[in-house]
Amino acid sequence: MSKPLIELITCNAGDWSVLRVNLGENFEFQGHSIPNHEWIRLIKLLGYKVEERIISDEDMEYGNY
């Protein structure tokens, strides 16, 4: 089985992006930016387990994750 092609399409101006993959279940997101939850949705669609955690700004600054 071949690996799916993930496409990230942008333009020179950088003001619009398209993220898509064709896996039997098509995935596509378009917009001025691609939010984290769309990347997570794509990674889950590819069959990976994803854990999303939110930590404080202070913990992030000091690497407490």
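Taken together, the values in this text are just the output of simple stated rules run on the coordinates, not laboratory data. Bear in mind the structure is a predicted one, so any value in this text is a computation, not a measurement. We place every Cβ from the backbone using ideal geometry, glycine too, and count neighbours over all the protein chains shown.
Rounded to the nearest 0.05, what FRET efficiency do residue 40 and residue 64 have when you use their Cβ-Cβ distance and R0 = 22 Å? Write down the numbers at each step before the final one.
Numbers: r = 22 Å, r/R0 = 1.00.
Between residue 40 and residue 64 the formula returns 0.50.
How would you order 2-10, 51-59 from highest to lowest mean count of nearby Cβ atoms within 10 Å?
Per-residue Cβ counts within 10 Å, averaged per peptide and sorted highest first, yield 2-10, 51-59.
What is the range 6-61's relative contact order, in percent, from Cα pairs under 8 angstrom and six or more apart in sequence?
20 percent
Taking a cut-off of 17 Å, what percent of all Cα-Cα pairs in the chain are separated by more than that?
On the way: 1143 of 2080 pairs.
Roughly 55 percent, rounded to a whole number.
State to the nearest 20 debye the size of the charge dipole of the chain about its Cα centre, where the only charges are +1 on K and R beta carbons and -1 on D and E beta carbons.
460 debye
Given the DSSP H assignment, sum -39500 (n - 2.57) over each helix run of at least 4 residues in the chain and divide by its residue total; what's the result at 222 nm in deg cm²/dmol, nearest 500?
Only helices count here, giving -6000 deg cm²/dmol.
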